[in-house]
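Only the coordinates and a few stated rules stand behind these numbers; no lab work does. These numbers come from a predicted model, not from an experiment. A quick note on method: Cβ atoms are made from the backbone with ideal geometry, for glycine too, and the neighbour counts reach across all protein chains shown.
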Amino acid sequence: MINAHVVKHPSSGESCNAKEGNPFGPFWDTFDIDFVHSEFYSPLHYDVYHHNIAQQWKDRYPPVKWPVLAFTGAPASFPVQLENRELQKYLEWSDKIEEESDDFIKSNMPNGAFIGIHLRNGIDWVRACEHIPESPNLFAAAQCVGYQNERGKATPEMCLPSKETIIRQLKRIIKNINNSVNNNNDRTIKFVFVASDSNHMLDDLKTALKRMKVHVFKYGKSNPHVDLVILGKSNHFIGNCISSFSAFVKRERDVKGFPSSFWAFPPEKFNSRQNASHDEL
């Protein structure tokens, strides 16, 4: 068992039980983690770009005494701000997660390139997308439309793309990539990996891509971390403009210089050939 410290913002009350309720308790129990202490970290805050806040964190919580800090909520604002995007380069996956993702790729997609796609379509997401008209900056929308909507406004189709949009866009990208590599066997797209919170659309995608001889897979277990790693290693990634899950993948791929694009963005009626590389959260 790992004994870990937890720090908490004072606005949440006088006591702190990081494992109270679901999913918090089951989440930490999965990794056999318990907590030995809780503490308010105010007046410290997340904005390390001003004054000497970073040094204050180091002084107050030296790693020798505080080997692990677990927050009951994100200490920074949500979604990720523009100036914090580059922090993604400091993330390192555990050996176990890396091995699981590599084993899956070698076992299921060994010869040829693959596209990773993220389909966010659970019932909670369907309801969230209903608010797009009055909340065009919902969640991670700024990764596509900009923080001031300088590249347009988010649309319902960007939030919850139709089956037709998904299949049409996926086919187009596969065709464009394969044409660009002159059907080089090692670089030709032969597989699609799907990560989803609900409907992976495997049957629809397999039927649509059958004539292109492209095979479709999902990870056999419910493990979003492995999904993230596999998506990050794909030859091309198609994500959801509004989803912070997609934004995580996009940030990692930007660090590595890997190409990405988004469902229904930019809107086809305005510019169907625009480069799919955009600033993002």
Over the C-alpha atoms of the range 3-126, what are the Rg and the largest Cα-to-Cα span, Dmax, in Å?
18.8, 56
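Would you kindly state how much longer the chain becomes between S244 and D95 on full extension, computed as 0.36 nm times their sequence separation minus their alpha carbon distance, in nm to one decimal?
Numbers: separation 149, 0.36 × 149 = 53.64 nm, distance 2.39 nm.
Extending this stretch completely gives an extra 51.2 nm.
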If each part is reduced to its alpha-carbon centroid, the range 108-147 and the range 150-174 end up apart, in Å, by 9
Cα-centred dipole magnitude for the chain, charges only on beta-carbon of K, R (+1) and D, E (-1), debye, nearest 20:
1420
Given R₀ = 22 Å, FRET efficiency for K171-S107 by Cβ-Cβ distance, to 0.05?
0.30
What length, rounded to one decimal in nm, is gained on full extension from N182 through to N223, with 0.36 nm per residue of separation minus their alpha-carbon distance?
11.2 nm
Which Rg and Dmax, in Å, describe the Cα atoms of the range 69-166?
17.5, 46
Say a site is exposed when it is one of the trypsin sites (Lys or Arg not before Pro), sits in a DSSP loop, and has at most 11 other Cβ atoms within 10 Å; what is then the longest site-free stretch of the chain?
66-209
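V68 to R151: extension gain in nm, 0.36 nm per residue of separation minus the Cα-Cα distance? Mind dumping the intermediate values first?
Values: separation 83, 0.36 × 83 = 29.88 nm, distance 4.02 nm.
Using 0.36 nm per residue and subtracting the Cα-Cα distance, I get 25.9 nm.
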Please build a GNM for the chain, connecting alpha carbons under 10 Å apart, and tell me which residue among T155, T30, T207 fluctuates the most.
T30
From zero up to wherever the largest Cα-Cα distance of the range 93-228 sits, split into 5 Å bins and tell me the percent of pairs in each.
2, 9, 16, 17, 18, 16, 13, 7, 2, 0
Within the range 66-91, what residues put their amide N at less than 13 Å from the label point 7 Å along the Cα-to-Cβ vector of S38?
70-73
Name the longest site-free stretch of the chain, where the excluded sites are GluC sites (Glu not before Pro) in a DSSP loop with no more than 16 other beta-carbon atoms within 10 Å.
151-267
So what's the back-of-envelope 222 nm ellipticity for the chain, counting only DSSP H runs of four-plus at -39500 (n - 2.57) apiece and dividing by all residues, rounded to 500?
-9500 deg cm²/dmol
